[in-house]
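A short write-up of the structure that comes next.
What follows draws every value from the coordinates through simple rules; no lab data is involved. None of the values given here were measured: they were computed from a predicted structure. As a convention, Cβ positions derive from the backbone with ideal geometry for all residues, glycine included, and neighbour counts pool all protein chains shown.
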Amino acid sequence: MRAPRVLVVANQKGGVGKTTTVINLSTALAAIGERVLIIDLDSQGNASTGLGVTRVTPSIYDVLTGSCTIWDAVRQTAVPRLHIVPSTTDLVGVDLEIFRKADRLFRLRNYLDLFFTSLNNHADIISYILIDCPPSLNVLTINGLAAANSIIVPLQCEYFALEGLSQLLTTVEHVRATLNPTLTIHGILLTMFDQRNSVAGQIESDVRAHMGTMVYETVIPRNVRVAESPSHGKPVLLYDLKCAGSQAYLRLASEIIQREALAADPGGDKRCGNAAARPIQTSRRPI
């Protein structure tokens, strides 16, 4: 049995569409037949509430503190084939709870290993696990990076978001060197793209010029329906399947599966790889 692929969606900057990507990419993967598990590692719990799962225990907090297993905390969402390990505000204090634990940076990875072993006893096999990280570099984000096979980096199409990209890639290199040598960058996802904004177009050109095929072909547009859907506790694909945002996330899901297939083929064109962090020159100023 192939172990589930673990993809962490992370960016040290907030407001780049990280949680929105986790919710809607997971839904799109489930819609095309994959079995997906979300792990909500953000104390704000927006991935949980965005899927209509609120105030549920046990949660990821109970998993990380050793009170239960991942299986105990898994909850079915309204989306077929999509499950979630929800978050609660208790997660705010998890740093103090595990501070003195020798494995504090590997808690999630250790519990996922136990989860993978237990999958042998279950008929419904999970194919993808997506981890939603907080918008900061703390012990939770490090746990997510240490547990993942690859990282998806949402990048909002504005200069302030672009300026944090080099820092994030440096963090990935550090994690790879010290905690998780197999961590790869699956891809950089351009989000909140407004084709009417010339700055957005310039940023797309700059990122593609310097990061090459590491940038997904799919671009997530700025879309009112995507912004509205969380208030209804639904992913945008359930809220409005035909809108531009829904169609973009379906294309992204297909592109990710294609990249996974290429990465699994030793003779294929590996698009998700170990690209080193490097400065990105933009038309505005160097980062």
**Message:** Given points 7 Å out from each Cα along the Cα-Cβ axis, report the Thr69 to Ser231 separation in nanometres with one decimal.
**Reply:** 4.2
**Item:** Among (1) 19.0; (2) 21.8; (3) 20.0, the entry derived from the coordinates for Kirkwood radius over Cα pairs in Å
**Value:** (1)
**Prompt:** Could you give the nm distance between label points at Asp194 and Phe116, where each point is 7 Å from its Cα heading toward the beta carbon?
**Reply:** 4.3
**Asked** Mind checking which of Leu262, Leu137, Leu96 has the largest fluctuation in a GNM of the chain, springs on alpha carbons under 10 Å?
**Response** Leu96
**Prompt:** Where Lys and Arg each count +1 and Asp and Glu each count -1, what net charge lies around Thr69 among other residues with Cβ under 12 Å from its Cβ?
**Reply:** -3
**Ranked list, fewest to most other Cβ atoms within 10 Å of each Cβ, for Ile188, Ile32, Ile151** = Ile32, Ile188, Ile151
**Complete:** Once the dipole of region 73-214 is set up from charges on Cβ (+1 Lys and Arg, -1 Asp and Glu), the residue from the list Ala102, Leu189, Thr89 lying farthest towards its positive end is Ala102
**Request:** Return the distance in nm (one decimal) between the two label points of a simple spin-label model at Arg35 and Arg55, each offset 7 Å from Cα along Cα→Cβ.
**Result:** 3.2
**Prompt:** Expressed as a rounded percentage, what relative contact order does the chain have, with Cα pairs under 8 Å and six or more residues apart?
**Reply:** 24
**Request:** Would you mind checking the tilt of helix 165-178 against the longest principal axis of the Cα atoms of the chain, expressed as 0 to 90 degrees and rounded to 10?
**Result:** 40
**Prompt:** In degrees, nearest 10, range 0 to 90: what is the angle between the Cα axis of helix 107-118 and the longest Cα principal axis of the chain?
**Reply:** 70
**Asked** If you take the charge dipole of the chain about its Cα centre, with +1 on Lys and Arg Cβ and -1 on Asp and Glu Cβ, which of Asn143, Val9, Ser231 is farthest toward its positive end?
**Response** Val9
**Message:** Give me the dipole magnitude in Debye, nearest 20, for region 5-264 about the Cα centre, with unit charges on the beta carbon: positive for Lys and Arg, negative for Asp and Glu.
**Reply:** 220
**Complete:** Summing -39500 (n - 2.57) over every DSSP H run of at least 4 residues in the chain and dividing by its residue count gives a helix-only mean residue ellipticity at 222 nm, to the nearest 500 deg cm²/dmol, of -11500 deg cm²/dmol
**Request:** Determine the gain in length on full extension of the stretch Glu217-Arg251; use 0.36 nm per residue of separation and subtract their C-alpha separation, reporting nm with one decimal.
**Result:** 11.3 nm
**Request:** Using just the alpha carbons, could you tell me how many Å³ per residue the convex hull of region 76-128 encloses?
**Result:** 105
**Asked** Looking at the chain, what % of its DSSP beta bridges pair antiparallel, to the nearest 5?
**Response** 15
**Message:** If I stretch the segment between Arg100 and Thr182 completely, what's the gain in nm (0.36 nm per residue apart, minus their alpha carbon distance), one decimal?
**Reply:** 26.9 nm
